Amino acid sequence: MALLFGKSKYSTLSGTPGDSSSHHSGLSAAEPLKKKEIPEGLWEKCKKCGEMNFTKKREENLNVCPRCGCHYPLTAQQRIALLTDEGTFKEVDALLESVDTLKFEGVASYTEKLGASKAKTGLKDAIVCGLARLKGVPYALGVMDFRFLGASMGAVVGEKVTRLVELATARKLPLAIVTASGGARMYEGMISLMQMAKTSGALERHQEEGLPYIVIMTHPTTAGVTASFASLGDLIVAEPEALIGFAGPRVIKDTTQAHLPEGFQTAEFLLKKGLIDRIIDRKNLRDELALCLEYFTFGATSKGDLKKKASK
């Protein structure tokens, strides 16, 4: 009876001794079937629209979701490549580094946090400054990188911004700064707050020379940076849906005891209220910045000539 009902050679289970398909395909009968695995990071879910995107396609699209247009952050290096002619960017003050003056201790020391950020980003601090050209027009450029301690403004960030402004003033160049920051650097206490006045004073002297200053606000730009050099541009533009503000919504509500309108800290809301002059999609940012630099450089030259004629 066992011989009648065994029928092992008719079995449909792969990997069994009687599986003729395994024999004919050359596979070992004992070899298990392997599950194909998708490489990690190949696909991702968009944080705005929720759709699945091919990561490489998003990166090739200037880190913008190809479905809904959500703007993901760029590194300082990526931003510099976007806003300068190839090979023209010359970094200045590249060796300035923060020090733990206050000997700050917490879950981790300030020194440890600085070391971790340097290893993660390859940067010395949260901003990269230099001179460059964009479509042939020379200008000074500063780019903040949120990966480095939330691009918080400490003594080095304040010093590098001030030196960049003074360099642009001395060389009669237009200036552009790309902002992205969580505010003042708490690990440096009062020293970090002093940078607000220092950077603002340098920009005042730049303005007195009739030289243009353009601010490009990206997500997020907040607190001390917003309250100082990020809000002092002759032209202030922003990327779509960038978070821009001073304090958080909860702090503002508790302080003012007022109802806050929905989306009051977005670039779109602030455009309606007049703080921002224009919202520019990243794909158009290079061309529009180049156009503004060309216009403003001509205007600054004309204004300088008028000053010279008036002084004679």
Kindly indicate whether any position in segment 86-98 is in contact with a Pro (Cβ under 9 Å, 6 or more places away or on another chain) and among the β-branched types (V, I, T). yes
Taking the conditions exactly as written (more than 19 Å from P240 (Cβ to Cβ), at pLDDT 50 or above and either in the same structural domain as R282 (by TED's automatic domain parsing) or in contact with a strand residue (DSSP E or B) (Cβ under 9 Å, 6 or more places away or on another chain) (or both)), does L42 satisfy them or not? yes
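Could we say that D287 is under 27 Å from P138 (Cα atoms), charged (D, E, K, R), assigned by TED's automatic domain parsing to the domain that holds L83 and over 20 Å from the mean Cα position of the chain (by Cα) here?
Criteria not met by D287.
Conditions tested, residue by residue: (1) in a loop (DSSP other than H, G, I, E, B); (2) surrounded by fewer than 19 Cβ atoms within 10 Å (Cβ to Cβ); (3) modelled with pLDDT of 95 or more.
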position	(1), (2), (3)
T101	yes, yes, no
F104	yes, yes, no
A108	yes, yes, no
E112	no, yes, no
R133	no, yes, yes
P138	no, yes, yes
L141	no, no, yes
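Is it fair to say A238 is under 21 Å from K48 (Cα atoms) and either exposed (fewer than 15 other Cβ atoms within 10 Å of the Cβ) or modelled with pLDDT of 85 or more (or both)? Step through it out loud before you land on a result.
On the way: under 21 Å from K48 (Cα atoms): yes; either exposed (fewer than 15 other Cβ atoms within 10 Å of the Cβ) or modelled with pLDDT of 85 or more (or both): yes.
In short, yes.
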Considering only residues that are more than 18 Å from D234 (Cα to Cα) and of a type in the set (V, I, T), which ones fall in segment 188-207? I191
Would you please list the contacts, defined by Cβ atoms under 6 Å and residues six or more apart or on different chains, that run from a residue in segment 83-105 that is farther than 15 Å from V157 by Cβ to a residue that is part of a loop (DSSP other than H, G, I, E, B)? L102/G189
Scan segment 176-191 for residues that are surrounded by fewer than 24 Cβ atoms within 10 Å (Cβ to Cβ) and in a helix (DSSP H, G or I) and jot them down. M186, Y187, M190, I191
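The values are calculated or read from the model by the stated rules, or taken from the named source; none is laboratory data. Because the structure is a prediction, the values reported are computed rather than measured. So basically every Cβ, Gly included, is an ideal-geometry build from the backbone, and we count neighbours across all protein chains shown.
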